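This report refers to the structure that appears directly beneath it.
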Amino acid sequence: MKLMQTKITKALMIMLSMALIFSACKKEDEIAPAPTVSTGTALSGVPNAKVILTAAISAPGGIKSITVLKNGAAFDSKTYAGETSTTYTKEYTVENLAAGTVVNFTIQVLDNSNQSSGLTTIPVTVTAVPPTPIVEIKGNLEGNITWTADKIYKLVGFVRVGQEDVFGTTTKTGVLTIEAGTLIIGDRATKGTLVIQRGSKINANGTVDKPIVMTSERNPGEKEAGDWGGLVICGKAPNNLPDDKTNRELEGGYGAFHGGTDAADNSGSLKYLRVEYAGIPVNPNQEINSFTFGSVGNGTTIDYVQATYGLDDSFEWFGGTVNAKHLIAYRGLDDDFDVDNGFIGNIQYGVGIRGTTQADQSGSNGFEVDNDANGSSNTPFTAATFANMSIIGAKGKAETSINIQFQNGAQLRRNNKLKIYNTFITGYPNGVYIDSQRGSAKVNAEKGEIVLENIVLAGVDAWGTNGWGQGFATNPKGFAVSDVEQNAALTPILIGTQTPTAWFSALKGNKILANTSKTGLSATLWGAGTPTFTLTAGAAESLIGAALPTTLPAFFDKTDFVGAFKDTDWTKTWAEFNPQSIKYVK
């Protein structure tokens, strides 16, 4: 009996052990639930908007990894250390796709047992960009005004910041601030024009990525030079106009008074600004330019500005002391840089590029410089200083046909005393012309009051008999002096005891080249696309190594090259050379 009980007890113990073992094996073999993914509502956004992809992850077996596909292609992946839950987030910038396009993001989770969740999709729908509201601006503005990049501003007629009465007395002032990336259009019917009156300011400071653009209101393919007026800034700096030089009206008589005695007058700041398709004739031979500066003072900042397809001059200074850097004059009709009425500012880094057909009936030049219209000795003399300029005429090669109204890379006339350093000129029928028909620019040159230093002139192979196409009987190589009309037959005119070419060539660093083969220039300067401005390494021997004089004002960077560029293209990103193709108003 006792033996039987012992056997039963042993059997029960074996059975209990087996039950315990079975129970333990069952717990070890039990599998956790598969991961799950839950998302919120579908997302949407306009191109360039940022949306946040969000998903709640649950994985009782521990998260091993998360994989995300965008339209079936790899987009994102993450690994984890066994967390049982998390919230996945990822920023996505909506691409520039057609409205209604759906971008699908598929999320799958793998747990530590290599179990996968189901495929969960987050759709992002591209929505249409709402039209930017257009705000019409008319009349006079006063006080503090701000134009923001989320609106388009349309200039109707003459829009003035500040106000002066018919006698030129300032009655109201204003400060116009324009945000980076803002678009301003000019009304074509009323020739919208923005005028900054004396005592007022414009602070139009774009950035390299978000320039401010003032342009035509018309569609691609329809835009024309002269679609609107342009930008006019009036200051209180000196000029040399007769009578009351502190209170003169800009040509055309449209109420833009300028002049004063404050050389340091501050009219604001222009940076990364483009003016396109501007310029209107107010009266015969009296125009508004793309940029018109009337007695603007050197407290004003001008840097990185572009004038494109203007109907008159790209830049014109009527007196004043303002300094500027990085100017682009692109395919304007008349002169690239027109300097008058005692302008004595400093300009560094400027490029003028011409189209083959756009030239004015008055004759088009890179520089056109006068002391005043009569060539008088009124003071201050027009004696501005320009350095590192590239004046690129329309003639890139002999077989290219150009408008017969093109004249000179630089026409220095009417008793001016301009100073030009480290400047390159090519592609014009004549390089530099010292014109003494009114006043005596020739005498100023002889006395060293017109300064030409490190000036390189380059002809065009097989153009005319001398590489310059036309010009003067006494003009063998692109430099001329005259006291009669430019195309008249001339007898030799001397500067002192020297012929013009001998005088020019004897000045420090000046060169006259047969062509551009040793300048490192790109042929794209004469093409229709975006030009390549930097010099080709190893091929620019004629433009490298010429140092600016150390005696120039501190405003000037110390450079060792001729022209506006060496190995840095300062036009990149912010400048535009094909605005005809851009649909600004959408």
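Brief remarks follow.
- Qualifying positions in the range 353-374 - more than 22 Å from residue 241 (Cα to Cα), hydrophobic (A, V, I, L, M, F, W, C) and assigned to a loop (DSSP other than H, G, I, E, B): 359
- Single residue of 394, 445 found to be assigned to a loop (DSSP other than H, G, I, E, B), touching a helix residue (DSSP H, G or I) at 6+ places or on another chain (Cβ under 8 Å) and not basic (Lys, Arg): 394
- Against the numbered list (1) over 20 Å from residue 312 (Cα atoms); (2) out of contact with any Phe, Trp or Tyr (no Cβ under 9 Å at 6 or more places or on another chain); (3) part of a loop (DSSP other than H, G, I, E, B), residue 202 comes up short only at (3).
- Residue match in the range 308-331 (condition: open to solvent by less than 40 Å² (accessible area, probe 1.4 Å), free of Cβ contacts under 8 Å to residues at least 60 places away in the same chain, touching a His at 6+ places or on another chain (Cβ under 7 Å) and within 23 Å of residue 390 (Cα to Cα)): no
- Residues that are over 19 Å from residue 586 (Cα atoms) and either among the acidic types (Asp, Glu) or not in a strand (DSSP E or B) (or both), drawn from the range 118-139: 118, 119, 138, 139
- Within the range 48-77, considering residues that are outside any strand (DSSP E or B) and not polar (S, T, N, Q), the one surrounded by the most Cβ atoms within 10 Å (Cβ to Cβ): 59
- Unique match (being in a loop (DSSP other than H, G, I, E, B) and over 22 Å from residue 187 (Cα atoms)) among 255, 299: 299
- Scanning the range 372-401 for residues being under 28 Å from the mean Cα position of the chain (by Cα), of a type outside the set (D, E, K, R) and open to solvent by less than 30 Å² (accessible area, probe 1.4 Å) gives a total of 13.
- Annotation for the range 562-569: at least one member residue is in contact (Cβ under 8 Å) with a residue 12 or more places away in the chain, farther than 27 Å from residue 210 by Cβ and open to solvent by less than 50 Å² (accessible area, probe 1.4 Å).
- The residue of the range 483-499 that is least open to solvent (accessible area, probe 1.4 Å), among those that are within 20 Å of residue 465 (Cα to Cα) and either among the polar types (S, T, N, Q) or at pLDDT 85 or above (or both), is 486.
- The residues on offer are 304, 330, and the sole one that is on the phi > 0 side of the Ramachandran plot, at pLDDT 95 or above and within 21 Å of the chain's Cα centre (by Cα) is 304.
- Listed conditions (1) at pLDDT 95 or above; (2) surrounded by fewer than 24 Cβ atoms within 10 Å (Cβ to Cβ) are all met by residue 362, apart from (1).
- The set of residues in the range 185-204 being hydroxyl-bearing (Ser, Thr, Tyr) and surrounded by fewer than 21 Cβ atoms within 10 Å (Cβ to Cβ) consists of 190 alone.
- Residues of the range 374-391 satisfying the condition of being over 30 Å from residue 561 (Cβ atoms) and either free of Cβ contacts under 8 Å to residues at least 60 places away in the same chain or touching a helix residue (DSSP H, G or I) at 6+ places or on another chain (Cβ under 9 Å) (or both): 375
- Residues that are touching a strand residue (DSSP E or B) at 6+ places or on another chain (Cβ under 7 Å), among the β-branched types (Val, Ile, Thr) and farther than 24 Å from residue 434 by Cβ, drawn from the range 500-545: 544
- Exactly one residue out of 173, 182 is open to solvent by 60 Å² or more (accessible area, probe 1.4 Å), without any contact (Cβ under 8 Å) to a residue 60 or more places away in the chain and within 18 Å of residue 144 (Cβ to Cβ): that is 173.
- Verdict on residue 183 being within 19 Å of the chain's Cα centre (by Cα) and among the hydrophobic types (A, V, I, L, M, F, W, C): yes
- Residue within the range 107-123 that is open to solvent by 50 Å² or more (accessible area, probe 1.4 Å) and either closer than 30 Å to residue 149 by Cβ or in contact with an Asp or Glu (Cβ under 7 Å, 6 or more places away or on another chain) (or both) present: no
- Residue in the range 521-533 that is of a type in the set (A, V, I, L, M) and surrounded by fewer than 12 Cβ atoms within 10 Å (Cβ to Cβ) present: yes
- Of all the residues in the range 78-117, those that are farther than 30 Å from residue 129 by Cα, hydroxyl-bearing (Ser, Thr, Tyr) and not in a loop (DSSP other than H, G, I, E, B) number 5.
- Number of residues in the range 42-93 that are in contact with a Pro (Cβ under 6 Å, 6 or more places away or on another chain) and farther than 28 Å from residue 114 by Cβ: the value is 1.
- Near pairs, Cβ below 6 angstrom, 6+ apart or cross-chain, from the range 190-203 (free of Cβ contacts under 8 Å to residues at least 40 places away in the same chain and within 16 Å of residue 145 (Cα to Cα)) to any residue that is part of a loop (DSSP other than H, G, I, E, B) and open to solvent by 10 Å² or more (accessible area, probe 1.4 Å): 199/173
- Considered as a group, the residues in the range 343-371 that are within 21 Å of the chain's Cα centre (by Cα) and of a type in the set (Val, Ile, Thr) include one that is farthest from residue 534 (Cα to Cα), and that residue is 347.
- Qualifying residue in the range 428-438 (condition: assigned to a loop (DSSP other than H, G, I, E, B), of a type in the set (Phe, Trp, Tyr) and crowded, with 21+ Cβ neighbours inside 10 Å): yes
- Selected residue (criterion: least open to solvent (accessible area, probe 1.4 Å)) from residues of the range 146-170 that are among the aliphatic types (A, V, I, L, M) and not in a strand (DSSP E or B): 156
- The residues of the range 264-292 that are of a type in the set (Gly, Ala, Ser) and open to solvent by 40 Å² or more (accessible area, probe 1.4 Å) amount to a single one, 264.
- Enumeration of residues in the range 327-352 that are basic (Lys, Arg) and assigned to a strand (DSSP E or B): none
The values are calculated or read from the model by the stated rules, or taken from the named source; none is laboratory data. Bear in mind the structure is a predicted one, so any value in this text is a computation, not a measurement. Counting neighbours? That spans all protein chains shown, and the Cβs are built from the backbone with ideal geometry, glycine included. Each accessible area value is taken on the protein alone, full model and side chains, heavy atoms only, with ligands, DNA and RNA left out. Shrake-Rupley method; radii C 1.70, N 1.55, O 1.52, S 1.80 Å.
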